[in-house]
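Single-structure report; data block below.
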Amino acid sequence: MSNEGLLRRRYVQQLSVAEMRMLRWFCGHTRRDRVRNEVIRDRVGVAPIEEKLTQHRLRWFGHVQRMPPEAPVRNGVLERVDNVKRGRGIPKLTWDELVKRDLKDWNISKEIALDRSAWRLAINVPES
């Protein structure tokens, strides 16, 4: 496991902790009240922030996929040079590898991204 993967996971954990702190404050509860996170999420009607981050990442991926092939963003993001010498050890997690992992986890094919309405339905995270 790469060090960058650990850092990214730690940042997501910090975000979710901060989010729950705000939701508890919003509901008027403290940790001492011992109310479960799921109960507070259901009461407020908010999806977990980790899923929302994945949704936003996939939404940007769909936007880039629908761009014309000669677009500079598409050339820079999706078409990387494969013969570049990388350092030793576990390679850093790149954006496109993370998107591939998200697509596999959510069981979505990237061809759906060309149909905007179907893509929005596929990546939608319903609020609780």
Taking the Kirkwood radius as the inverse of the mean 1/r across Cα pairs, report the Rg/Rh of the chain.
1.06
Taking Lys and Arg as +1 and Asp and Glu as -1, residues besides Cys27 with C-beta under 15 Å from its C-beta add up to +4
Testing the spin-label approximation: label points 7 Å from Cα along Cα→Cβ at Leu98 and Gln14. State their distance in nm.
1.4
By how many degrees, between 0 and 90 and to the nearest 10, does the Cα long axis of helix 95-105 differ from the longest principal axis of the chain?
60
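We did not get these values from a lab; they are worked out from the coordinates using the rules stated. Only a predicted model underlies this, so the values are computations on that prediction, with no experimental measurement involved. No Cβ is skipped: glycine too gets one built from the backbone with ideal geometry, and neighbour counts run over all protein chains shown.
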